[in-house]
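Quick notes on the structure that follows.
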Amino acid sequence: MSVVLRVLALSSGLSWRSAAVVFLVLLGYGMKASVVDTAAVMSDSQIVSSNDVDVSIWDTTPPTVISLFITNGGSAKNSPDPGDAVAIGFSEPIDLSSIKAGWDGTATPVTVTIGNDDVSYAGNDTVNFNVNLGVIDLGAADYTGAPNTILAGSMEWDDRRHRVEVTLGAYARDNAVVTSARVERTFYPDSGIQDTGRVSIDTTAKPTKTDKHF
């Protein structure tokens with residue numbers, strides 16, 4: 001993402017041919033200034049008519065995941081089933097192709113797997129996607145048994161809220177369990193996610209919320 005700064009023209013009493021425009025170029029996490037003689041690139045008439053110069057500075061702040069919602073929309077409460085939804089919110093617009101190649105944000109099919117007793121997450125059940133979103137640690141082992149529960153899904157991008165919304169569809173393998181557990185869920189974003197300026201996501205920021213899920 002870039003932010004355009006408007007640099008106001010120097011006072012009319014100063015010769016534009018002898019003036020220099022300072023461009024601030026953000027390199028990595030530092031700033032470097034370079035001076036360019038405007039006479040080499042602009043005529044007097046162009047300078048007078050434009051009266052200002054555009055300078056682009058690239059934002060190198062990594063995006064973060066700021067919210068995670070798992071809501072019930074199906075017939076079963078506290079159990080992953082068709083109609084339930086997962087919404088993952090980001091701090092800024094995301095390069096959607098870093099989540100799925102060629103994705104333009106419109107509804108697209110995905111596969112959602114409820115993993116049973118995932119040893120990588122303290123033996124808790126997890127939510128996994130077949131795209132570069134990440135993993136949700138559900139905080140308990142009560143959502144599925146062996147083998148894993150697999151559901152079809154539909155993924156869309158909400159541009160206003162900067163978030164991915166996944167709605168669960170039909171079961172590919174039905175082994176979901178109804179639970180009354182009120183647990184702490186944590187989202188671990190995929191390290192391949194980038195913002196529109198191609199800055200990789202900060203994977204240390206993991207939204208956590210204690211609640212009943214699905």
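Just so it is clear, none of the values below were taken in a lab; they were calculated from the coordinates. Here the structure is a predicted model, which is why all the values come from computation and not from measurement. Neighbour counts run over all protein chains shown; Cβ positions are idealised from the backbone, glycine included.
Just a few scattered comments:
- Approximating the spin labels as points 7 Å out from Cα along Cα→Cβ, the Ala122-to-Thr60 distance works out to 3.6 nm.
- Remark: Asp158, Asp195 ranked as Asp158, Asp195, counting other beta-carbon atoms within 10 Å and listing the fewest first.
- Cross-link partners of Lys209 among aspartates and glutamates (Cα-Cα below 13 Å; sequence separation of 8 or more within a chain): Asp137, Glu184
- Thr208 versus Ala181: modelled label distance in nm, points set 7 Å from Cα along the beta carbon direction: 1.6 nm
- Residue among Pro80, Ser97, Pro189 farthest towards the positive dipole end of region 65-211, charges placed on Cβ: Pro80
- Each Lys and Arg Cβ is given +1 and each Asp and Glu Cβ -1; about its Cα centre, region 74-150 then shows a dipole of about 140 debye.
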